[in-house]
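Below is one structure, written out as structure tokens; comments come after it.
Taken together, the values in this text are just the output of simple stated rules run on the coordinates, not laboratory data. Because the structure is predicted, anything quoted here is derived from the model rather than measured. Note that each Cβ is placed from the backbone with ideal geometry, even for glycine, and that neighbours are counted across all protein chains shown.
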Amino acid sequence: MADEKKALAYRAFGARMEELGRQAELLSRLITENEAASTALDNLPSEQTFFPIGAGVLVKARLSDTNNVVVEAGARILAERSVWDAKKLLADRRTQLEEALEKINAEAGEIAGKMREIEEELNKG
């Protein structure tokens, strides 16, 4: 009976590890997107350029203001901010994303250790 409980716990830990993997992948993508946005702010074109609008379609345009951008301030609220403020916002978000990723990785490490313990116990018995 104890082995059945251990096997059940092992499967539950495995399912949690899969979920943590999905969350870590999402956070990694968000961090990459955040870095790309920050780099784009460093390289705003002052001359005419092409901007993608989706599905492989680009429009030729010129930015009328390279000192301010519109950012999502939270809860899908948009606000105009200076490029400097936008970069600070992105840096703060990156820190939050990295901290969340660290927590997920730490939890995954703990679970992996518990799974190894269960494996050893099941292999002994």
- prompt: Under unit Cβ charges (Lys, Arg +1; Asp, Glu -1), what dipole magnitude, rounded to 20 debye, does the chain have relative to its Cα centre?
  reply: 300
- prompt: Cross-link partners among aspartates and glutamates for Lys6, C-alpha distance below 15 Å, same-chain residues fewer than 8 apart left out?
  reply: Glu117, Glu119, Glu120, Glu121
- prompt: How far, in degrees from 0 to 90, does helix 83-124 lean away from the longest principal axis of the Cα atoms of the chain, to the nearest 10?
  reply: 10
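What ranking of Phe50, Phe13 emerges when the number of other C-beta atoms within 10 Å of each C-beta is taken as an exposure proxy, fewest first?
Values: Phe50 11, Phe13 17.
In increasing order of surrounding Cβ atoms, one gets Phe50, Phe13.
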query: Going toward the positive end of the dipole of the chain, with +1 on Lys and Arg Cβ and -1 on Asp and Glu Cβ, which of Val70, Ser38, Leu27 do you reach last?
result: Val70
- prompt: Across 10 Å bins from 0, what is the distribution of all Cα-Cα pair distances for the chain, in whole percents?
  reply: 11, 27, 23, 15, 12, 8, 3, 0
message: Test of the criteria: in the stretch 44-125, which trypsin sites (Lys or Arg not before Pro) are in a DSSP loop and have at most 14 other Cβ atoms within 10 angstrom of their Cβ?
response: Arg62, Arg76
